[in-house]
1. Can residue B:328 be described as in contact with a strand residue (DSSP E or B) (Cβ under 9 Å, 6 or more places away or on another chain), surrounded by fewer than 17 Cβ atoms within 10 Å (Cβ to Cβ) and outside the structural domain of residue B:127 (by TED's automatic domain parsing)?
2. How many of the residues in segment A:1-59 are without any contact (Cβ under 8 Å) to a residue 60 or more places away in the chain and either under 17 Å from residue B:346 (Cβ atoms) or within 10 Å of another protein chain (Cβ to nearest Cβ) (or both)?
3. For segment A:190-225, give me each residue that is in a helix (DSSP H, G or I), surrounded by fewer than 24 Cβ atoms within 10 Å (Cβ to Cβ) and either away from chain B (no Cβ under 14 Å) or in contact with a strand residue (DSSP E or B) (Cβ under 8 Å, 6 or more places away or on another chain) (or both).
4. Would you pick out the residues in segment A:294-333 that are under 22 Å from the mean Cα position of the chain (by Cα) and either part of a strand (DSSP E or B) or within 20 Å of residue A:261 (Cβ to Cβ) (or both)?
5. Quick one: is residue A:82 modelled with pLDDT of 95 or more and over 19 Å from the mean Cα position of the chain (by Cα)?
6. Quick check on my filter: what residues within segment B:93-132 are surrounded by 18 or more Cβ atoms within 10 Å (Cβ to Cβ), in a loop (DSSP other than H, G, I, E, B) and within 20 Å of the chain's Cα centre (by Cα)?
7. Among the residues of segment B:133-179, which ones are outside any loop (DSSP other than H, G, I, E, B) and exposed (fewer than 15 other Cβ atoms within 10 Å of the Cβ)?
8. When you go through (1) out of contact with any strand residue (DSSP E or B) (no Cβ under 8 Å at 6 or more places or on another chain); (2) at pLDDT below 95 one by one for residue A:66, which number turns out not to apply?
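The values are calculated or read from the model by the stated rules, or taken from the named source; none is laboratory data. Here the structure is a predicted model, which means the values were calculated and not measured. A quick note on method: Cβ atoms are made from the backbone with ideal geometry, for glycine too, and the neighbour counts reach across all protein chains shown.
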């Protein structure tokens with residue numbers, strides 16, 4: 001056996017069996033539980049006895065990009081730097097998307113495993129994650145969203161659409177995730193990668209509650225692919241970037257606290273800038289509304305007073321200083337605001353009411369971002385051994401557990 | 001118009017139209033939302049525009065008896081004294097059920113309205129609530145559980161089973177609640193009470209998640225009765241005693257912290273006594289497992305140390321002193337322990353593992369008791385007017401809103 005490789009100060013054994021790590025976007029544990037209850041997920045149900053089912057915590061903000069990067073680096077955002085989809089670049093003085101590799105501060109385990117001579121493949125649903133996940137990766141890396149535009153030179157694969165036999169799906173569809181699994185199966189059978197990372201989209205979870213027919217059908221689809229990966233002999237590790245909760249009242253109206261409006265009304269329009277790190281180009285299904293916001297203040301001396309004001313707003317769960325948030329959630333302190341605000345389980349935080357296009361919310365809002373979406377599953381198709389019972393498990397331990405703790 | 005009556009220092013106008021207050025046991029708002037999405041609750045859906053739909057907070061501990069008593073007294077447990085189904089009577093030195101009227105410290109609005117000359121009726125699902133709700137009430141008061149044993153002398157009604165035309169249901173069934181609504185309809189049409197209080201059981205909510213076929217069918221049943229009450233011209237106020245959450249991992253195993261075991265292991269078997277106020281004679285569907293516990297200490301000097309120990313346990317959300325809990329949750333300080341412990345949203349608190357019979361848990365545990373089940377609906381079939389937007393609404397404002405704020 002070769003020596004383990006070190007990535008971000010953690011050791012990883014190189015895989016000797018094809019190992020697939022799946023990040024199921026927005027996988028509140030209850031989705032799996034209810035799908036099992038409905039008989040829609042027989043393979044996952046079987047893992048209770050034949051594999052290992054654990055619970056862990058994701059990174060807060062419980063958003064897609066910070067957590068995907070944590071999973072593939074094995075480290076919190078304080079190490080890898082990606083703490084949202086969107087942030088206020090204080091150096092540049094501008095609000096910018098954080099999906100450029102220049103913002104990434106740590107190497108990925110994926111790239112390191114490839115560098116050690118193993119075959120690595122990455123398939124993501126949305127293209128927004130591809131460049132970050134594929135940073136310095138020699139191997140296969142493409143998105144379902146742009147599967148018809150792959151080339152051997154850029155993505156390490158070609159003709160994947162014809163191999164999969166499914167049309168390139170709409171970016172807002174359950175089909176986008178199914179394409180990821182179908183492509184993963186084709187790659188598993190053909191290229192036989194040593195390590196493969198599959199990352200889905202939470203389109204279904206934003207629209208449908210656990211136990212509903214649409215959610216159960218989506219999990220049945222995933223379950224059937226997990227079974228096939230298992231039958232192919234792969235080691236399978238399934239986790240999530242974050243959970244998902246209803247953010248509505250009894251008749252499905254969203255509970256929204258428009259923080260910029262509240263702050264402007266109280267302190268004037270120039271006093272603060274609210275940033276919603278959930279913001280990205282794909283907002284149709286959540287209207288850029290999540291349960292996490294950051295606030296930049298013109299005058300930092302006002303911080304205690306503003307924090308007290310924010311803490312008194314109905315629907316706000318916690319208000320933290322930059323230092324408190326950096327420490328509690330392991331965030332890069334130079335990329336979060338002067339104040340971090342969390343919404344309660346059933347409440348989302350907006351900026352100004354006029355800045356949110358809610359026309360895409362055709363069903364009651366379900367979203368994430370807060371501490372109430374922090375619990376995620378850690379599921380393996382093998383028994384693990386040697387995991388300390390007292391250890392606080394994180395979704396970014398998924399690769400560690402899959403490579404270092406198989407029984 | 002007659003002068004309002006005063007009950008527990010709050011004024012109530014006497015009803016001039018038959019007014020029905022419904023406490024839907026365990027009605028997490030998402031049940032209604034999902035039932036509406038599934039097309040199972042057209043009447044409730046219509047109230048978004050034709051009536052009033054609000055959100056409020058229930059009493060913590062988010063259990064049935066404290067909240068039912070709060071709704072009918074219009075006051076928190078610090079006033080009415082009922083802070084659980086079960087408590088440790090320090091005077092008697094014994095653990096006892098708290099469903100005897102001797103524990104009730106405040107008059108009910110129901111009894112006061114009857115005393116003012118109005119006709120009042122109460123129908124509860126389980127008999128455990130009947131004597132508390134019916135305290136000093138001149139009127140109709142009986143439980144569906146014992147509907148075949150009613151008498152004019154004791155219950156103010158007779159032959160209700162033949163009038164309803166349904167068999168007396170099993171205590172663990174959706175039918176127990178349906179009987180409440182059917183009896184309510186018969187009483188509305190025949191006795192035409194001025195004020196009627198209907199209280200269901202959360203058997204369905206403990207078993208089935210929002211949006212599942214069983215939950216939607218239960219809410220469809222309720223919706224059809226609400227429509228009929230509305231058609232009969234009644235004013236309708238719908239609220240809940242508490243919400244409901246899954247308390248399991250991804251494959252439905254309960255997340256339980258056995259507090260007595262943990263304390264015994266750390267401090268010895270004589271140092272503490274854990275009380276679970278959810279305990280009552282009807283534990284089949286939750287195994288006496290909720291997200292609220294109190295702890296009595298032999299030596300109160302150890303309180304800070306024990307609190308710190310408890311706060312460090314994974315799954316514990318909050319640990320409060322008797323004084324802190326009394327203040328924050330408006331509880332009677334002589335009837336709660338030295339320490340109050342809340343479980344996280346997905347975690348329940350047990351005493352010793354050997355004391356919980358989990359054989360009745362045939363489906364994944366869903367329960368309540370903590371602050372995560374505090375949000376409840378407040379729904380009316382009329383427009384309200386004059387309610388202060390900044391007011392923190394409680395489920396125990398339901399009668400106030402229905403009698404004093406109709407537009």
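1. Numbers: in contact with a strand residue (DSSP E or B) (Cβ under 9 Å, 6 or more places away or on another chain): yes; surrounded by fewer than 17 Cβ atoms within 10 Å (Cβ to Cβ): yes; outside the structural domain of residue B:127 (by TED's automatic domain parsing): yes.
Here the answer is yes, as residue B:328 does meet what is asked.
2. Total satisfying the criteria: 5.
3. A:190, A:206, A:207, A:220, A:221, A:224, A:225 - these are the residues of segment A:190-225 that are in a helix (DSSP H, G or I), surrounded by fewer than 24 Cβ atoms within 10 Å (Cβ to Cβ) and either away from chain B (no Cβ under 14 Å) or in contact with a strand residue (DSSP E or B) (Cβ under 8 Å, 6 or more places away or on another chain) (or both).
4. Going residue by residue through segment A:294-333, those that are under 22 Å from the mean Cα position of the chain (by Cα) are A:294, A:317-318, A:325-333.
Of everything in segment A:294-333, those that are under 22 Å from the mean Cα position of the chain (by Cα) and either part of a strand (DSSP E or B) or within 20 Å of residue A:261 (Cβ to Cβ) (or both) turn out to be A:294, A:317, A:318.
5. Working: modelled with pLDDT of 95 or more: yes; over 19 Å from the mean Cα position of the chain (by Cα): no.
Spelling it out, it is not the case that residue A:82 is modelled with pLDDT of 95 or more and over 19 Å from the mean Cα position of the chain (by Cα).
6. Residues satisfying the conditions are B:98, B:99, B:104, B:106, B:107, B:108, B:125, B:126.
7. Step one: list which residues in segment B:133-179 are outside any loop (DSSP other than H, G, I, E, B), which gives B:133, B:140-143, B:147-149, B:152-155, B:160-164, B:175-179.
Listed by number, the residues that qualify are B:148, B:149, B:152, B:153, B:154, B:162.
8. If we test residue A:66 against (1) out of contact with any strand residue (DSSP E or B) (no Cβ under 8 Å at 6 or more places or on another chain); (2) at pLDDT below 95, just (2) comes out false.
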